[in-house]
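Take a look at the structure set out below.
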Amino acid sequence: MVKRYIATDCGSTTTKAIMVQKKEEGWRLIARGEAPTTVEKPFEDVTIGVRNAIRELEEITGIRLLDEEGNIIKMEKPTEREGTNLYVSTSSAGGGLQMLVVGVVKNMTAESAARAALGAGAIVMDVISIDDGRKPYEKVKRIRELRPDMILLAGGVEGGTVKHVVELAELIAAADPKPRFGSTYKMPVIYAGNSAAREEIKKILGDKVALYIVDNIRPTLDTENLHPAREKIHDLFLEHVMQQAPGYAKLMRMVDAPIVPTPGAVGMLIERVARKEQIEVLGVDIGGATTDVFSVFRNSEGELVFNRTVSANLGMSYSISNVMVEAGVKNVLRWIPFKISESDLKNRVRNKMIRPTTIPMTIKSLIIEQAIAREALRLSLEQHKMFATELKGVQKGGDIARAIGGEEERTLVNMMNLDLIIGSGGVLSHAPRRVQSALMMLDAFQPEGITRLAVDSIFMMPHLGVISTIDEEAAWEVFDRDCLIRLGTVIAPKVIAKEGKLILQATLEYPDGHTTHIDLHFGQIVRIDLPLGQRVKIHLDPRRGVDVGEGKGKKIVTEVEGGVVGLILDGRGRPLVIPENEHKRVEKLLEWFKALDVYPMLDSLEKAA
């Protein structure tokens with residue numbers, strides 16, 4: 001008996017389908033197909049693109065998946081040549097799920113509500129709070145203008161005051177907001193605040209919006225309860241938003257599990273990886289318009305905490321000019337190992353924005369695009385660090401005023417504790433050489449200590465995320481065997497020292513008994529060939545003041561695993577230091593690129609430099 005699943009991801013421009021099947025060695029990816037998304041005119045029916053993508057699977061495999069009417073052939077016992085057990089889908093077509101978050105205190109309940117929305121796969125359009133500095137009429141105007149898909153309202157701990165959250169409900173009522181899709185239904189509003197205010201909220205909003213009440217997001221100052229709000233966001237996404245988008249009612253009848261927003265499905269998978277292996281993980285999906293960062297880090301109690309942020313203005317095509325503006329031209333130029341004028345760089349970026357589907361045709365264009373990608377990734381992580389923090393407002397001694405605003409925030413993102421980085425999105429998944437993906441993530445994220453690197457091979461994390469809601473074993477096995485490309489391991493000592501100073505001695509003990517010794521000097525990067533699947537014992541002896549994970553000067557003996565790139569010893573310092581002098585900068589970048597064999601044709605670049 002054959003066991004087979006089909007999954008699609010309906011993106012804003014492309015609908016991607018995958019087929020996975022159980023083989024003797026376990027679940028494997030069988031085929032991948034894609035077709036243009038058909039949510040806009042002249043088709044205005046998302047299922048046309050879905051069927052076209054599935055037809056490509058049929059052509060590749062020779063397996064019949066659609067009947068004469070275009071229905072998916074679902075069977076309890078599919079045969080070698082026909083049928084599937086089930087069909088599931090994710091979607092970000094039509095701009096994905098767009099939400100407005102309203103909360104009482106910006107750094108407390110409003111931020112918890114934003115975490116709930118982001119974790120459910122939403123783009124948060126704005127966060128409105130009592131203390132955000134805007135006048136009431138400005139808030140009303142903003143709520144009216146935004147036209148989100150739904151609103152999340154939160155505020156007040158259990159047993160606390162109801163006054164402020166009621167004020168916010170009155171602002172929403174005064175704005176009388178209209179949803180983005182459909183003029184025939186009311187704006188969905190989820191209330192996830194103090195239960196004592198529920199009756200007042202019902203009186204104020206009951207007739208004006210479609211009101212849904214769930215458990216308080218922040219029942220006490222030191223606890224966060226995001227799950228009920230996230231579940232309701234998913235439900236309403238299906239009931240309201242998806243029903244309004246062209247053809248989605250038909251798609252919902254086709255699927256065997258709820259449709260999940262694409263970023264929500266990717267987040268599910270990254271969270272499952274972290275919890276299954278009990279490791280700390282950082283994931284990134286860099287797209288044309290946005291960059292999503294996902295992380296699972298331990299809090300001060302030792303619990304794994306999931307966070308997601310969307311950098312809505314940082315992307316590699318539609319938003320590429322925004323990356324240049326936010327990063328600054330000098331920060332982009334520091335990654336380019338040849339002379340280029342600011343005006344030439346700006347013109348190249350403008351051309352990419354005007355023609356977003358173009359890909360680099362020369363080695364210089366590729367280096368420039370990957371330089372911009374480093375800055376998009378770096379800025380996205382900076383934004384993520386500010387959001388992924390310990391709960392704010394928790395009293396750790398002292399008065400409530402200090403609890404609300406006075407304490408310095410502590411980000412959960414700890415690069416020394418990080419075990420694994422997973423990169424996804426065109427610029428990382430489709431880089432011509434895998435070592436380019438590795439170096440982009442190294443330069444942008446600057447991991448410390450010992451960290452594994454991986455990329456999503458052909459962008460199937462959303463599909464596997466939604467499959468995991470039905471069959472976790474199948475999703476995990478395909479993710480492990482066919483989705484995740486293990487690049488290898490990086491060892492990056494945390495230190496700033498004089499150029500050329502010895503900072504680390506490393507000895508590798510191979511299973512056959514032979515050893516390799518490496519002296520790592522400051523400013524140097526070394527690549528060692530360590531094939532995929534091979535593990536070696538490594539002795540790390542850092543010099544005084546150098547930390548590789550156990551503290552300054554502390555030795556480590558551990559095992560590291562190889563990958564398609566191998567083992568990288570990164571002695572360039574943390575934070576990474578790039579010479580400001582143009583000649584020295586170009587010289588140093590060329591040295592690093594040569595050491596890792598990042599770009600072919602480097603000789604022609606050196607002549608240009």
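All alpha carbon pair distances within the range 123-198 were sorted into 5 Å bins beginning at 0; the resulting P(r) in whole percents reads 3, 15, 26, 25, 18, 9, 3, 1. Rounded to whole numbers, the Karplus 3J(HN,Hα) couplings from phi for the range 131-137 are 9, 8, x, 8, 6, x, 5 Hz, using 6.51 cos²θ - 1.76 cosθ + 1.60 with θ = phi - 60°, and x at Gly and Pro. Between GLU82 and SER365, the C-beta separation translates, for a Förster distance of 56 Å, into a calculated FRET efficiency of about 0.75.
In this structure, LYS41 and LYS594 have a Cβ-Cβ separation that, at R0 = 60 Å, corresponds to a calculated FRET efficiency of about 0.70. Peptides 417-424, 196-203 ordered by packing proxy, namely the average of other Cβ atoms within 10 Å per residue, highest first: 417-424, 196-203.
Working note: Karplus 6.51/-1.76/1.60 with θ = phi - 60° gives the range 449-466 the couplings x, 10, 9, 8, 10, 8, 10, 6, 4, 9, 6, 10, 4, x, 4, 5, x, 6 Hz, where Gly and Pro are set to x.
Working note: Cα gyration tensor of the range 425-562, eigenvalues times five, square-rooted, sorted largest first, giving semi-axes of 32, 18, 14 Å.
Here ARG275 and LYS537 are evaluated by their C-beta separation; at R0 = 35 Å the FRET efficiency comes out at 0.80. Over all pairs of different C-alpha atoms in the range 214-333, the reciprocal of the mean inverse distance, the Kirkwood hydrodynamic radius, equals 17.2 Å.
When SER129, SER343 are sorted by how many other C-beta atoms sit within 10 angstrom of their C-beta, beginning with the fewest, the order is SER343, SER129.
Kirkwood hydrodynamic radius computed over the range 312-386 comes to 12.4 Å, based on all pairs of distinct alpha carbons.
Backbone geometry of the range 12-19 corresponds, through the Karplus equation with coefficients 6.51, -1.76 and 1.60 at θ = phi - 60°, to 3J(HN,Hα) couplings of 5, 10, 10, 9, 10, 10, 10, 10 Hz, x marking Gly and Pro.
Over the range 94-258, the alpha carbon radius of gyration divided by the compact-protein estimate 2.2 N^0.38 Å works out to 0.99. Take GLU239, project a point 7 Å from its Cα along the Cβ direction, then tell me which residues of the range 194-209 have their backbone nitrogen under 17 Å from it. Answer for this model: 202, 205-209. Sum up the charges of everything whose Cβ sits under 13 Å from the Cβ of VAL466, counting Lys and Arg as +1 and Asp and Glu as -1, but leave VAL466 out. Neighbour charge sum, excluding VAL466 itself: -2. Non-local lysine pairs in the range 493-577, meaning eight or more places apart or on different chains, with alpha-carbon distances under 15 Å, amount to 4. The listed peptides 436-445, 468-477, 578-587, ordered by packing as a protection proxy, come out as 436-445, 468-477, 578-587 (highest mean of other Cβ atoms within 10 Å first). Does a label point 7 Å from the Cα of LYS501, set along Cα-to-beta-carbon, have any residues of the range 574-602 with amide nitrogen under 19 Å, and which are they? Flagged as within label range: 574-580. The peptide list 375-387, 453-465, 116-128, put in order of mean Cβ contacts within 10 Å with the highest first, becomes 453-465, 116-128, 375-387. Counting only lysines at least 8 places from LYS74 when in the same chain, those with an alpha carbon closer than 18 Å to its own are LYS3, LYS22, LYS250. Calculated on the alpha-carbon coordinates, the convex hull of the chain measures out at 175 cubic angstrom per residue. Per the Cα gyration tensor, the range 493-577 maps to an equivalent ellipsoid with semi-axes of 22, 14, 11 Å, ordered largest to smallest. The stretch between GLU68 and ASP131, if pulled fully straight at 0.36 nm per residue, gains 16.8 nm over its current Cα-Cα span. Averaging 1/r across all pairs of distinct Cα atoms in the range 79-134 and inverting the result yields a Kirkwood radius of 13.7 Å. If the chain linking GLU390 and ASP176 were pulled fully straight, counting 0.36 nm for each residue of separation and taking away their Cα-Cα distance, it would gain 73.6 nm. Per the Cα gyration tensor, the range 4-84 maps to an equivalent ellipsoid with semi-axes of 24, 14, 9 Å, ordered largest to smallest. List the aspartates and glutamates whose Cα sits under 14 Å from the Cα of LYS232, skipping any in the same chain fewer than 8 residues away. Correct list for LYS232: ASP149, ASP215.
When the pairs LYS139/LYS385; LYS41/LYS346; LYS135/LYS186 are compared against a 32 Å limit on Cα-Cα distance, LYS41/LYS346 fall above it. Each helix, a run of at least 4 DSSP H residues, gives -39500 (n - 2.57); summed and divided by the residues of the chain, these come to -9500 deg cm²/dmol at 222 nm. Charge tally around ARG527: other residues with Cβ under 11 Å, Lys/Arg +1 each, Asp/Glu -1 each, net -2. For ALA31, what residues show an amide H to amide H distance below 5 Å, using hydrogens built from the backbone and excluding near sequence neighbours? Those lying under 5 Å, H to H, from ALA31 are MET19. Placing a label point 7 Å from the Cα of GLU200 along the Cα-to-Cβ direction, the residues of the range 214-258 whose backbone N falls under 20 Å of that point are 214-221.
Computed from the coordinates by the stated procedures, all read-outs in this text should not be read as laboratory data. Everything numeric here is computed off the predicted structure, so don't read it as measured data. Positions of Cβ are backbone-derived with ideal geometry, glycine not excepted, and every protein chain shown enters the neighbour counts.
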